[in-house]
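Everything on this sheet refers to the single structure shown next.
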Amino acid sequence: MKAHKFTVLVIDHENYGVDEFITLIEQNRYMNAQVVDSLSTDIGEWNDDHPLNDRNTMLQEMVRLEWK
């Protein structure tokens, strides 16, 4: 299975602030965003115990993976 990591530029025309845009992205509501870069990696087989499936281990696993 693959995972994709994106760099996203968000223009904050309405002065929502960083926290609000994080909420917008995570809740999949409409936003003015542009993907400016993407990287992918193989993450092996997916299961409920995968480190990317746990907020406590997700960031550490993202750093450990080799993104291309």
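The values are calculated or read from the model by the stated rules, or taken from the named source; none is laboratory data. Just so we're clear, the structure is a prediction, and the values are computed from it rather than from any experiment. Don't worry about glycine lacking a Cβ; one is built from the backbone with ideal geometry, like all the others, and counts go over all protein chains shown.
So which residues in the stretch 1-12 are part of a strand (DSSP E or B), over 9 Å from the mean Cα position of the chain (by Cα) and of a type in the set (D, E, K, R), if there are any at all?
Once the filter is applied, which keeps residues that are part of a strand (DSSP E or B), over 9 Å from the mean Cα position of the chain (by Cα) and of a type in the set (D, E, K, R), the stretch 1-12 yields only LYS2.
With the requirement that a residue be in contact with a helix residue (DSSP H, G or I) (Cβ under 8 Å, 6 or more places away or on another chain) and surrounded by 14 or more Cβ atoms within 10 Å (Cβ to Cβ), what does the stretch 51-68 give you?
PRO51, LEU52, THR57, GLU61, MET62
In this structure, does ASN47 turn out to be touching a helix residue (DSSP H, G or I) at 6+ places or on another chain (Cβ under 9 Å), modelled with pLDDT of 90 or more, part of a loop (DSSP other than H, G, I, E, B) and on the phi < 0 side of the Ramachandran plot?
On the way: touching a helix residue (DSSP H, G or I) at 6+ places or on another chain (Cβ under 9 Å): yes; modelled with pLDDT of 90 or more: yes; part of a loop (DSSP other than H, G, I, E, B): yes; on the phi < 0 side of the Ramachandran plot: yes.
Criteria met by ASN47.
For the stretch 18-43, how many residues are surrounded by 10 or more Cβ atoms within 10 Å (Cβ to Cβ), at pLDDT 85 or above and not in a helix (DSSP H, G or I)?
The qualifying residues number 6.
Is at least one residue of the stretch 13-32 over 14 Å from the mean Cα position of the chain (by Cα) and at positive phi? I'd like the intermediate steps shown before the answer.
Step one: filter the stretch 13-32 for residues over 14 Å from the mean Cα position of the chain (by Cα), giving 13-20, 29-32.
In the following step, the residues that additionally are at positive phi were identified as 15, 17.
Yes, that holds for at least one residue.
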